[in-house]
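Taking it in order: structure first as structure tokens, then the write-up.
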Amino acid sequence: MREVRRLLPPLDIISAPTSMQRLKDRGFSRAMERVLGMDPRDIIAEVKASGIKGRGGAAFPTGFKWESVYEAPGGNRYVVMNADESELGTFKDRALLEYDPLGPLVGMLIAAHAVGAKKAYCYIRGEYRPIERQMVNALQTLADCGWVGPHAVEVEVRRGAGAYIAGEETALLNSIEGKRAEPRVKPPFPTSKGLWGDPTLIQNVETLANVTLLFAHDVEWFRQCGSPQTPGTKLVSLSGHVKNPGVYEVPFGFPMADIIADPELGGGITGSGRLRAILLGGAAGTFLSPDQISATVLDYGSLGTFDASIGSGAIMVFDDSVDLSWVLRKLAHFFADESCGQCVPCRIGTRRIVEMLAQGGLYSRVQDLRDLAQAMRDASICGLGQTAPTALLSILDRPNWQGA
Amino acid sequence: MADDVTIIVDGITVTVAQGTTLRAACDTAQHTVPTLCWHPNLEPANACRACVVEVKGSRTLVASCSRLVEDGMEVQTASDRVTHSRKVVAELLLSTSNADLAPDLQHLADISGANSERFAGGDTWEQPIQDDNNLYIRDFSKCILCYRCVEACGEDAQNTFAISVAGRGFQAHIDAGFGRELPESDCVFCGNCVAVCPTGALIGKAEWVLRRQGQWQEDRITTTDTVCSYCGVGCELSLHVMDNRIVKVTSPMDHPVTHGMLCVKGRYGYEFAQSEEG
């Protein structure tokens, strides 16, 4: 196949990523001008009709989220672009902001126009300093166009300080407010009570880039790619035992196996050359066995049959020399380090998983691990604690798999 | 009334005012849920997860201390998922912290059938006692990170903001700022953190000394209610007296003036009453 390039700019583009010319070349200025002449309700209706779902991991229908914020009572409204990309094996927002930062930023301005926000925040991962400079340059270009500034939408860049949890939307809001990045209890959702208690729209970088593409074209164009259930394309971050690691754009519904094997994409397995598993969705994701990979396409329904999800689009490939229980121990350390410590199941549970795995408990303490995992999924405050045992369970649920 | 909300708790129909928490509604149905971090005079911290209940249609369990009732909610306070999570929460806390002076945690462990050994044997919060002032002791090996002290020190009562949670994950802990000792911190020694601590991690020094000497005997302690004589606010004091000596001062949590909170003088300035000097 030829790789689809919609979110990613064409390879032969010569305009600089943050230039006025790039805005024109990519149709972003057309998108912005079209939106400025539209009624917010029509913008939201178009996003709904496009079928765009959130690309941060939860896949919540974007148009419905916008409608919630638009209809929420309250004076001030905010839009936040979540660029705190911290999921393991995920580097697609970084690629977008480096190669085509005007796309997501225009999407943010479109969102602000749709929900009536006069202020927007770009919350970017602290380690992404060079990317941040690129983003700030792009914002200057948008200010030169008159789309960013005191008489349009004011945009403030906020830098994360190295916490995975700050990517969780409510922890991110606390961080912007100058508080400790601890998740808030939901409901109320940010759409009704977000920043400083006002309705707030939080979207992932890639989601906003999709929005800009939609308005640079139309719903029909947008839905030409992807599956009927999930229109559009997805950026995947491919890493591990694969010949061509990197960021690739593929339509939803694309065969999982081809992402790894296609010569224009992953290019096949390296290392031993024999695939053991992929970890789909990052640390909070699910292991898929070679059989499952062959049986699925990149879409929520297909992956759901194996209790897997696309998550952030991270695909880590492991050949058969990798001991997956070693990977599980690494993941357990990650969650224990990154738990904020607020709630008991996550704060203590993540530590106990590290200890049990270090003692070989994956084989000997299966029931204790399952009981702990169940309580973490059921009773943790946020997605971190709820999904910390997911990869572990995906191994435990297949006792005969020669993976771990 | 138009502002009333009707929900079902364990099959019992309960009508409560809008804005009521699920926890309070469960109380109304007389199906009380256990709590650790919740306190009647503080904003819910949502931290301990002992009060989780199962709400029909909700993917995860719900912390009843903070979730408000919505019309038609169907709530289970003792489903298998709920009792399982409560048990694991108790087991995790028992594997980490010393529960000797934590009656609420002991109660949770009892009712949930927790096995204190199941997750034990790993890291704990055992650490030296912090004895850096004359008024109260910090024994963080007993802490369960319920956030009550942080809230009492902050905007729920004292508005001093001397302490906060620092660190993260298992290393998260209560800190007076950059690891400082209390006398060097912003602490004003009102002791309101001590008043709300559910585990004895924060404890008046007089009580701590007597306990260490084996002389603290609850059945020998009487309480006398009076009004603080220091200023004109009119704070109610409960003087806890053992052997004709004041060993602790508190204020009733339901008192309309104090809501259980005092200042440093009311809580700790009682020595003059038992001074031998004229």
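Mind listing just one residue for me: the one in region A:287-336 that is of a type in the set (Asp, Glu), touching a residue at least 12 places away in the same chain (Cβ under 8 Å) and on the phi < 0 side of the Ramachandran plot and, of those, nearest to the other protein chains (Cβ to nearest Cβ)? Here the residue is A:Asp299. The residues listed here are B:Asn46, B:Asn41, B:Asn98, B:Asn115; of these, the one that is at the interface with chain A (Cβ under 8 Å from one of its Cβ atoms) and more than 21 Å from B:Asp4 (Cα to Cα) is B:Asn46.
Here region B:140-183 is the region considered, the condition is being of a type in the set (Ser, Thr, Tyr) and within 12 Å of another protein chain (Cβ to nearest Cβ), and the residue that is nearest to A:Thr350 (Cα to Cα) is B:Tyr147. In this entry, A:Ala314 is excluded by the filter for residues that are buried (at least 20 other Cβ atoms within 10 Å of the Cβ), among the small types (Gly, Ala, Ser) and under 19 Å from B:Ala120 (Cβ atoms). Put simply, of B:Ile144, B:Ile163 the only residue that is closer than 30 Å to A:Arg370 by Cα and under 19 Å from the mean Cα position of the chain (by Cα) is B:Ile144. Kindly establish whether A:Glu33 is free of Cβ contacts under 8 Å to residues at least 24 places away in the same chain, in a helix (DSSP H, G or I) and crowded, with 19+ Cβ neighbours inside 10 Å. No: the conditions fail for A:Glu33. Filtering region A:118-138 to residues that are of a type in the set (A, V, I, L, M) and either in contact with a Ser or Thr (Cβ under 6 Å, 6 or more places away or on another chain) or surrounded by fewer than 20 Cβ atoms within 10 Å (Cβ to Cβ) (or both) leaves A:Val136, A:Ala138.
Failed condition for A:Lys193, given (1) in a loop (DSSP other than H, G, I, E, B); (2) within 25 Å of A:Phe334 (Cα to Cα), with all others met? Failed condition: (2). If only residues of region B:256-278 that are closer than 15 Å to B:Asn159 by Cα and of a type in the set (Val, Ile, Thr) are counted, the one that is farthest from the chain's Cα centre (by Cα) is B:Val264. Condition test on A:Asn204, is it under 20 Å from the mean Cα position of the chain (by Cα), within 14 Å of chain B (Cβ to nearest Cβ), of a type in the set (S, T, N, Q) and under 30 Å from B:Leu61 (Cβ atoms)? Taking the combined requirement at face value, the residue does not satisfy it. Against the conditions (1) outside any loop (DSSP other than H, G, I, E, B); (2) within 27 Å of A:Ile353 (Cα to Cα); (3) of a type in the set (Lys, Arg), B:Arg49 satisfies every one except (1). Of all residues in region B:63-82, which are at the interface with another protein chain (Cβ under 10 Å from one of its Cβ atoms), out of contact with any Cys (no Cβ under 9 Å at 6 or more places or on another chain) and part of a strand (DSSP E or B)? Correct list: B:Leu68 only. Candidates are the residues of region A:231-253 that are in contact with a strand residue (DSSP E or B) (Cβ under 6 Å, 6 or more places away or on another chain) and in a loop (DSSP other than H, G, I, E, B); the one that is farthest from A:Phe215 (Cα to Cα) is A:His241.
With the structure loaded, tell me whether A:Leu369 is without any contact (Cβ under 8 Å) to a residue 40 or more places away in the chain, crowded, with 18+ Cβ neighbours inside 10 Å and in a helix (DSSP H, G or I) or whether it fails that test. Yes.
Coordinate-derived values only; no laboratory data. Keep in mind the model is a prediction, meaning the values are calculated, not measured. With ideal geometry, Cβ positions are generated from the backbone for all residues, glycine too; neighbour counts draw on all protein chains shown.
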